[in-house]
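For reference, the structure is listed below as structure tokens.
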């Protein structure tokens with residue numbers, strides 16, 4: 001099968017969040033299964049060019065219709081750690097992708113509307129006719145719209161689209177000028193409620209809604225999050241649209257890159273280990289304490305790795321630090337804050353706790369240190385308010401670090417409570433789950449985890465190994481996506 005991914009990110013060359021990891025990891029899995037995959041991306045000035053091998057001009061004169069004229073583009077080609085990528089560079093005074101950052105401009109909807117149009121124009125002019133186009137998040141929500149309203153009449157009638165939503169919170173809200181710029185025109189047609197009109201603002205268009213309405217299949221990044229988006233608040237206003245298109249909507253769990261996240265081969269940790277020999281994990285715990293100046297005592301280390309923001313349950317993260325100390329455990333935090341107020345708050349806590357030998361707060365992000373924390377910690381807390389999929393808990397399980405998670409999104413699909421889970425046998429359970437958003441709920445789960453470590457070490461080790469038995473690589477998601485591709489090809 002021939003698949004083209006269209007996205008605004010692909011790790012490690014363009015990475016602002018988990019989207020980039022998914023585009024890279026899924027593409028590699030599909031290739032490993034014998035399929036042909038190409039990735040189309042914007043050519044940002046600030047992307048990591050050192051991760052591209054053999055970058056060269058692939059298509060010199062791509063003219064993309066835009067408003068009443070055309071924008072001249074160049075398309076470059078190169079390999080990102082083995083993946084074939086095409087980078088579209090527009091030559092226009094708009095400087096769509098020459099801004100020193102990926103997202104955050106007032107005209108982001110226009111920038112990515114142009115990218116969606118340019119990606120299809122490039123495919124049409126260079127005669128690329130994939131079986132499936134797989135596009136991601138609001139930035140490419142217009143791809144299926146443009147394909148079925150324009151490009152199918154210009155030689156692309158047989159292409160099918162799978163559209164994956166990674167974050168329902170950001171939907172791409174725009175106005176009438178998008179229709180004029182992209183050549184869609186006909187506002188009376190697109191402002192129909194069952195097409196692109198936003199569900200709550202009758203004067204706005206919604207890119208993500210367009211992606212849902214026009215694509216052949218829509219996925220989000222875990223089965224439970226698909227339920228939450230459809231029936232709960234986490235569709236952020238798109239629940240009714242998902243309900244209308246429920247026959248083509250489902251959740252596929254993301255995977256983790258087990259070449260990169262694997263304690264048996266991890267180049268960032270001093271001691272390798274496996275579920276059959278956990279001695280290296282104990283040595284990594286000692287190395288972590290030495291690196292962060294923690295005291296060497298017989299007590300568990302609880303960790304948090306991730307962004308410090310409301311989505312990640314930042315107030316519960318803060319409480320977890322002090323509750324771990326209260327329960328005679330150690331705590332290690334690695335994370336950067338997304339807002340100035342939160343950043344100041346955690347810097348204040350860092351200074352306050354600076355001389356405590358049982359806690360270390362690392363404000364910022366350090367890839368190498370994150371690997372050592374996963375390898376050295378005993379437990380990891382993931383108290384998210386919402387979590388479409390979550391990679392932290394899956395990496396924790398891989399590294400034998402018992403997850404303590406809130407029961408939302410993909411956390412529900414990957415972590416099964418040792419004491420209370422009713423759907424898995426005792427030998428299949430792998431962590432601790434709590435459901436409310438208050439301190440007592442978190443304390444209850446941390447209590448059980450720390451208590452098991454303290455009083456039943458053999459049982460705790462058994463839980464560690466049960467977690468390491470799970471395969472959360474791209475193996476199963478790869479199969480699931482291929483099943484979806486086959487389904488929409490033959491519809």
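Observations, loosely collected:
- Identification of helices (runs of 4 or more DSSP H) wholly contained in the stretch 392-455 with 3 or more residues that are closer than 21 Å to residue 258 by Cα and in contact with a strand residue (DSSP E or B) (Cβ under 7 Å, 6 or more places away or on another chain) yields 392-398.
- When residue 8 is tested against (1) under 23 Å from residue 222 (Cβ atoms); (2) at pLDDT below 95; (3) assigned to a loop (DSSP other than H, G, I, E, B), only condition (2) is not met.
- Options 456, 470; residue that is surrounded by fewer than 16 Cβ atoms within 10 Å (Cβ to Cβ), more than 18 Å from residue 28 (Cα to Cα) and in contact with a helix residue (DSSP H, G or I) (Cβ under 7 Å, 6 or more places away or on another chain): 470
- If the condition is being at pLDDT below 95, part of a loop (DSSP other than H, G, I, E, B) and closer than 29 Å to residue 413 by Cβ, then the stretch 364-384 contributes 365, 366.
- Scanning the stretch 16-48 for residues that are in contact with a helix residue (DSSP H, G or I) (Cβ under 7 Å, 6 or more places away or on another chain) and more than 15 Å from residue 482 (Cβ to Cβ) yields a total of 3.
The values are calculated or read from the model by the stated rules, or taken from the named source; none is laboratory data. Remember, it's a predicted structure, so these values are computed and weren't measured experimentally. With ideal geometry, Cβ positions are generated from the backbone for all residues, glycine too; neighbour counts draw on all protein chains shown.
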